[in-house]
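Structure first, then comments.
Only the coordinates and a few stated rules stand behind these numbers; no lab work does. Worth saying up front: this structure is predicted, and the values here are computed from it rather than measured. Neighbour counts run over all protein chains shown; Cβ positions are idealised from the backbone, glycine included.
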Amino acid sequence: MLFEEKDIDFSLIDGTTFENLCYELLENNNFFNLKWLQGSGDRGRDIEAEIHVSYDLVGLQSEVWHFECKNHSKGIGAAEIHDKIGWAFVNKPDKLIFLVSTYLTPDAKDYVNKAKEQFKSIYFIEGIELKKILLSKPILVEKYFINEKRKLLINSIRDFSATGVIADKHRLEIILSDEHICESYELHELLFLLLCSTFSNSLSSDKWTVILDYIVKNSTDSNESLIEGYSAMKESIGGGGLVFKQTPSLIQQESQEGLSEEERQLKGPLNSQIAHTAFFFSRYFDKNIKFLQIELEDNKFLEVLIENDDVQTFKTNITSRDYYPLFI
C-alpha cells in the first residue's frame, strides 16, 4: 500500500477542507448529483448525494443520502448531532451518515441508538474507519495530506519504477530540505533516496548520513547475504559511488580552477567528507535486480536489494565483509 494510516492527519486541514475531502470521497464511491450545502443554513446536512442501490425484489433504486461532516480535535458529543438528527426526521433522507475525524462520545452513540427507534437509517463513520476508507483512494491522501516535498519524492519513485532513472540533483535538493524527513517518510522512500545518493556525488548533505543511520537501525543484522541464491551472469559491477556528508568545519576551501569536470567529480564536492563507500550492481544477477552495498563500520555492510525497479519490494540486510570478499 502506498500510504499508511499515520499519513492521514486530519488536524492538518480545516473544517471546510474536510468537507471538500468528504465530497471528493463520495464522488469516488459512485455517488452522483452531489450538493455541497456550505454555510450555517445547511438544514441538517453538509452534503446531499444520490446513489444507486440494488435490491433483490425491486432491483436498482436511486436513494438520497445526507452526510454531516465533523472535523474536530475531540470527541463529538450528543449536543453536536442533536439538531442534525432532528432535521432527518423532517427531510426524511434514505440515510443519514456522520463522517467524523475523531469519534462519537458514549452519550452521542446512546442518542443515535434512541433516535433509531424513529429513524432507523442513521450511521456514523469515525476517524479510524474513515482513514481505512481513504487509504483505498491514495490520490485523495496525496492531495490532502502529503506535503509538496514528499509529493516530489513519490513522483520520483514513480519515474524510477517506469524508467529506471533516479531523481536529478535539483529534485534531491528540494526533498532533502525537509526537516522531518525520517519521521515523516516511509522506509522504502528513504531507501530510494539512499540509492540516489550514490549517483549524486556533486550533492553533499548531512541528510545522507541521517537517512543511512535510520535505515541501518531498521535493518536486520545477519551473517548471510541478500544475494545468496542468485546466479551471477557476469563479474563486473554496474557502478560505484560515494555517500558524502557535509563537514565544512573540517575541510578547508580549495580552488578547483584548471580541473576538468571529471577531475572535480573524483575529488568530490568542496566542503565535503566521504562518509561511506557504496557499490552498485545493476542487472548483475539472473533476475532484473538492483543491488546496493554500502560499507559501514565494524567490518560490516548494508545491503539493499530491489527487484524490477519496484522500490516498495525492497529488502535490507546487514552482513559481514567476510561473506563476499569478491565484491570488495
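Numerical summary
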quantity: Of all DSSP beta bridges in the range 5-143, antiparallel share, percent nearest 5; calculated: 50 percent
quantity: Radius of gyration, Dmax [the range 142-207; alpha carbons; angstrom]; calculated: 11.2, 34
quantity: Burial ranking of peptide ranges 48-58, 210-220 (average Cβ count within 10 Å, highest at the top); calculated: 210-220, 48-58
quantity: From phi via Karplus (6.51, -1.76, 1.60), per-residue ³J(HN,Hα) for the range 70-77 in Hz, x at Gly/Pro; calculated: 10, 10, 10, 8, 10, x, 8, x
quantity: Order of PHE301, PHE31 - criterion: other Cβ atoms within 10 Å of each residue's Cβ, fewest first; calculated: PHE31, PHE301
quantity: Intensity falloff of the range 5-143 expressed as log10 I(q)/I(0), Debye formula with alpha-carbon point scatterers, at q = 0.08, 0.11, 0.16, 0.20 Å⁻¹; calculated: -0.21, -0.40, -0.86, -1.31
quantity: Contact order normalised by residue count of the range 84-223, Cα under 8 Å, 6+ apart, percent; calculated: 16 percent
quantity: Prolate/oblate/rounded label for the range 3-72 (Cα gyration tensor, a/c 1.5); calculated: oblate
